[in-house]
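Data block below; observations after.
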Amino acid sequence: MPFSAKQDDSQLATVIVTVRTDDAGEKQYTFKVPFKIGRTDECEVCVRNDFVSRTHASVSVENGEWWLSDLNSSNGVYVGDERLPRVQLKDGIVIRLGIRGPELRFRLQKPVVISRPTADTKKVMTEYAQHYFGKGGTRVAGEHTMMIRTVYAQEQKKQKRKYGGVIAVLAGVMLCLGGVALYQYHQVSKQRAMAKDIFYSMKALDIDIANLQDAVKASGSQQGMEQMKRIEAQRNEMENTYNHYLASLHVYNPKMSEQEKLVLRVARIFGECELDMPPDFVAEVNKYIKYWQSSDRYEKAIARAQANNYTSFISREMLAEELPPQFFYLAMQESNFDPYISGPPTRKGIAKGMWQFIPETAVKYGMHLGPLVDMPRPDTSDDRHHYERETVAAAHYLKDLYGSDAQGSGLLVMACYNWGEDYVLPLVRSMPLNPKERNFWMLLQKHRDKIPQQTYDYVFYIVSAAVIGENPRLFGFKFDNPLANLNTQARVGSGMPVFSKKMRHLSSRLP
């Protein structure tokens, strides 16, 4: 299940983008690889304008041609007065972001191909081989040539007699080895299948625990508490068995780089099965890691979170809802931890705050909206600008997605959170209601062509940020894991959640 088709770069035109704005004049960018256009720093072409969405459009290669695609932006992409969802880029084309937004001019530079004459050596060598060692040729054979042919034929007969027996013995040995290899292959396949079944049974228990825990706490039933402990013990046994299978199957093998291991571990933390992972997933995450490394956005966002105590507060709220504290990076992707940020106007209203709640979802999760709800401005009377209240609401919302539509798949939770109601949730709900057949891997396999590019990028930015966060110095950042030494106790009065206990030791239990 490849994430993207490979392109032949040798004949691909270079894209030169000139951005015109009323206030900033002109700025030029040059690309040989796909890129994004939008208002935020994560976009390679950053255009700060009210008509431009956070991630407005993407430019990619299809069949050797450059195409620009609208990423469901609020104000659209225009060529002249016509709004278009996709535009093939031609040399000199001018595209406008929004009906009265900034203009982008595209130039395409074709590569210069220099052909070099080469001798047809293969044909010459073939003729010589046929003349001296073949049974005949186009040229007349002299005495010397005939002697070479005779000696060569005699040597061939000797070699056939000498090695004929050896080849027969080797063939027998290879046949036996092939039988052993086939048996081992079937055994490994059987172990992988059993391990997958255990993993998804474990995820089903996670969903039951997520849905039962609040009810048990509310009832105060001692019998219910004891039943929960039995379920949790069973779940831990299943996890130990699954980890044993991972070790025997050498999933985390010694030849694997530390970076690759971190990608697998973070996927596992977010509730995805390592044994079902698409073959290109690690490479795709590494691509987004490079995007983070190419700017100072990551470092600035973490510094802001630590300076304002967002790190410990967000992690504590996630653990209180039995969610991975690494959902901390979802807030970073949404807002760079800016509690006063406002998104662009949309038909569902303006998203606000660190977690970018739209008005409808904010009200659903108990937040009060301020009088400036329809204006892209900070509003101190709007709960969405109070990071503590919005973080508590976000944790509840993520927990609800985790235990229902997402079926315990953390990456599916991210996709639903980003663009759930109109685009992703209908795709998710079309899949069977169980963790084995409804997870992020299955969503990619069945519906990759229908997933908005913004949602796809959103998930991979969060996962790659979490991978970096496990060991920032490995990726060239000059600080340590921001979640490493947090007080993982839940909110006062809610006790120590089960997930909190598990998360403390998860990295040590993984192979």
Does any residue of segment 7-18 turn out to be under 28 Å from the mean Cα position of the chain (by Cα), at pLDDT 85 or above and among the polar types (S, T, N, Q)? yes
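Determine if segment 462-480 includes at least one residue that is modelled with pLDDT under 90 and either of a type outside the set (D, E, K, R) or assigned to a helix (DSSP H, G or I) (or both).
Step one: of segment 462-480, the residues modelled with pLDDT under 90 are none.
No, that holds for no residue.
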When residues of segment 13-39 are filtered for being in contact with a Lys or Arg (Cβ under 8 Å, 6 or more places away or on another chain), buried (at least 19 other Cβ atoms within 10 Å of the Cβ) and closer than 28 Å to I341 by Cβ, how many remain? 4
Filter segment 381-392 down to the residues that are part of a helix (DSSP H, G or I) and among the charged types (D, E, K, R) and list them by number. D383, R384, E388, R389, E390
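Could you tell me which residue of segment 51-82 is surrounded by the most Cβ atoms within 10 Å (Cβ to Cβ), considering only residues that are charged (D, E, K, R) and under 21 Å from F31 (Cα atoms)?
D70
Restricting segment 207-222 to residues that are among the small types (G, A, S) and over 36 Å from the mean Cα position of the chain (by Cα), which is surrounded by the most Cβ atoms within 10 Å (Cβ to Cβ)? I'd like the intermediate steps shown before the answer.
Within segment 207-222, the subset among the small types (G, A, S) is 210, 215, 218-221.
From the residues that got through so far, the ones that are over 36 Å from the mean Cα position of the chain (by Cα) too are 218-221.
Details: A218: 9, S219: 11, G220: 8, S221: 13.
Of everything passing the filter in segment 207-222, S221 is surrounded by the most Cβ atoms within 10 Å (Cβ to Cβ).
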In segment 393-436, how many residues are outside any loop (DSSP other than H, G, I, E, B) and open to solvent by 40 Å² or more (accessible area, probe 1.4 Å)? 8
Residues satisfying the stated conditions in segment 437-447, i.e. touching a residue at least 24 places away in the same chain (Cβ under 8 Å) and exposed (fewer than 15 other Cβ atoms within 10 Å of the Cβ): Q445
Selection over segment 68-90 where residues are outside any strand (DSSP E or B) and either touching a helix residue (DSSP H, G or I) at 6+ places or on another chain (Cβ under 6 Å) or modelled with pLDDT of 90 or more (or both) yields a count of 6
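Please work out if F51 is modelled with pLDDT under 90 and of a type in the set (F, W, Y).
On the way: modelled with pLDDT under 90: yes; of a type in the set (F, W, Y): yes.
Here the answer is yes, as F51 does meet what is asked.
Can you name the residue in segment 355-380 that is more than 28 Å from the chain's Cα centre (by Cα) and outside any loop (DSSP other than H, G, I, E, B) and, of all such residues, is farthest from Y423 (Cα to Cα)? Steps first, please.
Here is the first cut: in segment 355-380, the ones more than 28 Å from the chain's Cα centre (by Cα) are 359-360, 363-380.
Applying the additional criterion that residues be outside any loop (DSSP other than H, G, I, E, B) yields 359-360, 363-364.
Numbers: P359: 18, E360: 17, V363: 21, K364: 20 Å.
Among those that are more than 28 Å from the chain's Cα centre (by Cα) and outside any loop (DSSP other than H, G, I, E, B), it is V363.
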Subset of segment 351-380 [buried (at least 21 other Cβ atoms within 10 Å of the Cβ) and either out of contact with any strand residue (DSSP E or B) (no Cβ under 9 Å at 6 or more places or on another chain) or under 14 Å from S335 (Cβ atoms) (or both)]: A351, K352, G353, M354, W355, Q356, F357, T361
Pull out all pairs, ordered by first then second residue, where Cβ-Cβ is under 6 Å, the residues are six or more apart or on different chains, the first lies in segment 362-373 and is among the hydroxyl-bearing types (S, T, Y), and the second is part of a helix (DSSP H, G or I). Y365/A393; Y365/H396; Y365/Y397
With a cut-off of at least 2 residues that are surrounded by fewer than 18 Cβ atoms within 10 Å (Cβ to Cβ), name the helices (runs of 4 or more DSSP H) lying wholly within segment 231-334. 258-269, 281-293, 297-307
Taking the condition of being under 20 Å from N308 (Cβ atoms) and in a loop (DSSP other than H, G, I, E, B), how many residues in segment 335-354 meet it? 8
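Report yes if E390 is open to solvent by less than 10 Å² (accessible area, probe 1.4 Å), under 24 Å from T455 (Cβ atoms) and of a type in the set (D, E, K, R), otherwise no.
Details: open to solvent by less than 10 Å² (accessible area, probe 1.4 Å): yes; under 24 Å from T455 (Cβ atoms): yes; of a type in the set (D, E, K, R): yes.
Considered against the rule, which asks whether it is open to solvent by less than 10 Å² (accessible area, probe 1.4 Å), under 24 Å from T455 (Cβ atoms) and of a type in the set (D, E, K, R), E390 comes out as yes.
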Which ones in segment 249-270 are within 14 Å of the chain's Cα centre (by Cα) and not aliphatic (A, V, I, L, M)? E260, R265, R268, F270
Against the definition (touching a residue at least 60 places away in the same chain (Cβ under 8 Å), open to solvent by less than 30 Å² (accessible area, probe 1.4 Å) and not aromatic (F, W, Y)), how does S342 come out, yes or no? no
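The values are calculated or read from the model by the stated rules, or taken from the named source; none is laboratory data. This is a predicted model, so every value here is computed, not measured. When we count neighbours, we look across all protein chains shown, and the Cβ atoms used for this are built from the backbone with ideal geometry, even at glycine. Just the protein is used for accessible areas: all its heavy atoms, side chains included, with ligands, DNA and RNA removed. Shrake-Rupley method; radii C 1.70, N 1.55, O 1.52, S 1.80 Å.
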